[in-house]
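Let me begin by presenting the structure, written as structure tokens, before commenting on it.
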Amino acid sequence: MTGTLYVVGTPIGNLSDFSPRAIETLATVDFIAAEDTRVTLKLLNHFGVKKPLVSYFEHNKRDHGEKILARLEAGESCALVSDAGMPAISDPGELLVAQCAERGIPVLVVPGPSAVVSALAISGLPTGRFTFEGFLSVNKKSRRDHLEVKTERRTMVFYEAPHKLYATLRDMLDVWGDRRIAIVRELTKIHEEVVRTTLAKAVKRSKDDPFKGEIVLVIEGASAPEA
């Protein structure tokens, strides 16, 4: 009988958001696959959990993924975690889950914090329909191709690093024109902040007073065409 892969959401800032079920799952599986074993070890130590850790991240996911799959097929259970938030969402765990699905290995989810949904919920922008776009490419052509969603009418959610934010906002303004935006940073942490503004004002502020910390951008979709 094959084992089970548990996809476990971890805190994106506040450790109190870690659910009792998540802690119980980490304590009962045979081993844990972690994006950064050092980060996960701190989490485990905080909750008094002792379990073997294996690394699983973008640059070793092919090799280590096969080893994890072999252990699952041998009957062991594994918890997949990322450094923060839900694994497999804009995360290399996507591949491991797909491989389990192909091989008939059971996959169960232990829901947890998600920066995408959390930022969207407090953005003040329409939430009925939205699209998650992840990180923009640093390659200029790929970046421009990604931004060619000017007719997208759903609210858009992006991740961005603080040192790239000014350039990203400037590119968005150039391609889409001025739109409403919520810049959500440091979710669930001490300095959590939501700046609800426009792209033009956001470009000016990010140049004069750069944003710091983990950032999620929630941007208004295109207006419906006039009849």
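The values are calculated or read from the model by the stated rules, or taken from the named source; none is laboratory data. Since the structure is predicted, the reported quantities are computational estimates derived from the model, not experimental observations. Using ideal geometry, Cβ is built from the backbone for each residue, glycine included, and neighbour counts are taken over all protein chains shown. Heads up: the accessible areas ignore ligands, DNA and RNA and are worked out on the full protein's heavy atoms, side chains in. Shrake-Rupley method; radii C 1.70, N 1.55, O 1.52, S 1.80 Å.
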*asked:* On a straight-distance basis, which aspartates and glutamates could pair with Lys212 in a cross-link, Cα separation under 17 angstrom, same-chain partners fewer than 8 positions away excluded?
replied: Glu160, Glu186, Glu192, Glu193
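Compute the signed sum of charges (Lys and Arg +1, Asp and Glu -1) over the other residues within less than 14 Å, Cβ to Cβ, of Lys42.
0
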*In deg cm²/dmol and to the nearest 500, what is the mean residue ellipticity at 222 nm of the chain if only DSSP H runs of at least 4 residues count, each as -39500 (n - 2.57), divided by the residue total?*
-10500 deg cm²/dmol
*Using only Cα atoms, what is the ratio of the radius of gyration of segment 88-216 to 2.2 N^0.38 Å?*
1.17
*Of Ile68, Ile190, which has the most accessible area and how do the rest follow, probe 1.4 Å?*
Ile190, Ile68
_I want to check a number: in segment 7-155, how many lysine pairs have alpha carbons closer than 23 Å, given a sequence separation of 8 or more or different chains?_
8
*Using the alpha-carbon centroid of each, what span in Å lies between segment 148-185 and segment 76-132?*
22
*Could you state how much accessible area Lys204 has, in square angstrom rounded to the nearest 10, with a 1.4 Å probe and all protein chains kept in place?*
130
*asked:* Multiplying the sequence separation of Lys204 and Met1 by 0.36 nm and subtracting their Cα-Cα distance, what value in nm do you get?
replied: 67.2 nm
_Below 8 Å between Cα atoms, with a sequence gap of 6+, how large is the relative contact order for the chain in percent?_
22
_With a 1.4 Å probe and all protein chains kept in place, how much accessible area does Lys51 have, in Å² rounded to the nearest 10?_
60
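Given +1 on the Cβ of Lys and Arg, -1 on the Cβ of Asp and Glu, and no further charges, what dipole in debye does segment 134-227 carry about its Cα centre, rounded to the nearest 20? List each step's numbers first, then the result.
Values: 19 positive and 15 negative charges, 37 e Å.
Here segment 134-227 has a charge dipole of around 180 debye.
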_What FRET efficiency comes out for Leu95 versus His191 if R0 is 30 angstrom and r is the Cβ-Cβ distance? Round to the nearest 0.05._
0.35
*For Tyr159, what accessible area in Å² do you get when you roll a 1.4 Å probe over the heavy atoms of the protein chains, rounding to the nearest 10?*
40
